[in-house]
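Peer 1: Quick one: the structure is below, and I'll ask about it shortly.
Only the coordinates and a few stated rules stand behind these numbers; no lab work does. Everything numeric here is computed off the predicted structure, so don't read it as measured data. Methodologically, a virtual Cβ is constructed for each residue, glycine included, from the backbone with ideal geometry; neighbour enumeration extends over all protein chains shown.
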Amino acid sequence: MSSKPQLVYLDIRGRAEAIRLLLEEVGVEYRDLQLGPSEWAELKPTTPFGQVPLFREGDLELAQTFAILAHLARRHDLSGQDEAQRLRCDTAIEAIRDADGQLGVALWRPDFAQQRASYVEIELAASLSTLARFFLAGRANAVFWAGASLTLADVVAFAFFENVDALQAARGVHPAEIPAEPPGARGARGDRIVQLDPLESCKGEPGKVMPAVDRNRCEAKDDCVRVCPCDVFEIRELSKQDRAALSLFGKVKAWVHGGKQAFVVRPDACHACQLCIEACPEDALTLVRNVASDRDSSGEKI
């Protein structure tokens, strides 16, 4: 028997892709046994649950994707450095798995080809926004999903967002059915795992729309500043002109909150991800057309 671990799956990415990414990220040499239809039909009755992937190493044989991933994460110190990081890692994985499951269900709808654009713009966008809020909430001092170091959550997220990218690229194929690559070919992609950001999947063209702040509602609680990945907002003091334009109720609110509010300082950086709108507790934000982006260098409307 080979001394290298064996990963047994089909000749597609599918459920085994996160396992392949993890093994190559930690530098483990392994045999990637990619089964064809006849080979799988012969093997299937002998597997514990009638499905793959399987992971074999010496006398050990593991079934089930996340049992394999959890085993490898523990072995290679990717489960978290302390309990706080382990909890965040587990939470991130569950959230990403939920989003991936929703993606899988949608892809098999009989009318998905006709409803694809609507799904991407509404259901998928909502899932990505939820993941982005979680990611950004723990991002103050780290670029990883679970804190200060790489964990299994980063690998799982990378595999999921590659499926999202495949869907948005409209390749005409179910993301899970993209052919698998030979071992070692994931190196360049694996190098990007630590740079993964859920907002990479936000394809809005910057500057086409911008946030508008309702001055009579904003209370300067800075949620928009915190969640915006593009530094569109700042909290500033209201000018005399700003104060004069407020309603009586708005003036009272401004006084209570120290005369400060959120201001859009980089409108051309807005990617229309709507995280600010979802985060604002006062519903003080809307997206409006960025008129400046529709003008040419002479200032005339295009």
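Peer 1: Could you work out the local net charge near residue 246, counting Lys and Arg as +1, Asp and Glu as -1, over the other residues with Cβ closer than 9 Å to its Cβ?
Peer 2: On the way: positive: 215, 243, 251, 253; negative: 242.
Net charge in that neighbourhood comes out at +3.
Peer 1: Could you state, as a whole-number percent, how many of the C-alpha pairs of region 209-294 are farther apart than 20 Å? Could the numbers behind the result be given before it?
Peer 2: Working: 1111 of 3655 pairs.
In whole percent, the share of Cα-Cα pairs in region 209-294 beyond 20 Å is 30.
Peer 1: Now, a different point. For the pair residue 216 and residue 286, how long in nm is the line joining their label points, each one 7 Å along Cα→Cβ?
Peer 2: Rounded to a tenth, the inter-label distance reads 1.2 nm.
Peer 1: With point charges of +1 on the Cβ of Lys and Arg and -1 on the Cβ of Asp and Glu, referenced to the Cα centre of region 209-294, which listed residue (277, 254, 288) lies farthest in the positive direction of the dipole?
Peer 2: 254
Peer 1: Can you tell me which of 107-115, 143-151, 30-38 comes out highest on packing, and rank the rest after it, using the mean Cβ neighbours within 10 Å? Before the final figure, lay out each step's value.
Peer 2: On the way: 107-115: 10.4, 143-151: 20.7, 30-38: 14.4.
Final packing ranking: 143-151, 30-38, 107-115.
Peer 1: What is the extension gain from residue 255 to residue 137, computed as 0.36 nm multiplied by their sequence separation minus the C-alpha to C-alpha distance, in nm to one decimal? Working shown, then result.
Peer 2: On the way: separation 118, 0.36 × 118 = 42.48 nm, distance 2.90 nm.
Working it through step by step, the gained length comes to 39.6 nm.
Peer 1: Now for a separate question. Calculate the FRET efficiency for residue 123 and residue 266 from the Cβ-Cβ distance with a Förster distance of 35 Å, rounded to the nearest 0.05. Please list the in-between numbers first.
Peer 2: On the way: r = 29 Å, r/R0 = 0.83.
It comes to 0.75.
Peer 1: Here is a follow-up. Within a Cβ distance under 11 Å of residue 56, other residues only, what is the Lys/Arg minus Asp/Glu net charge?
Peer 2: On the way: positive: 4, 31; negative: 57, 59, 61.
Summing Lys and Arg as +1 and Asp and Glu as -1 gives -1.
Peer 1: Add +1 for every Lys or Arg and -1 for every Asp or Glu among the other residues with Cβ under 11 Å from the Cβ of residue 89, and state the total.
Peer 2: Values: positive: 86, 88; negative: 82, 83, 90, 94, 154.
Surrounding charge for residue 89 is -3.
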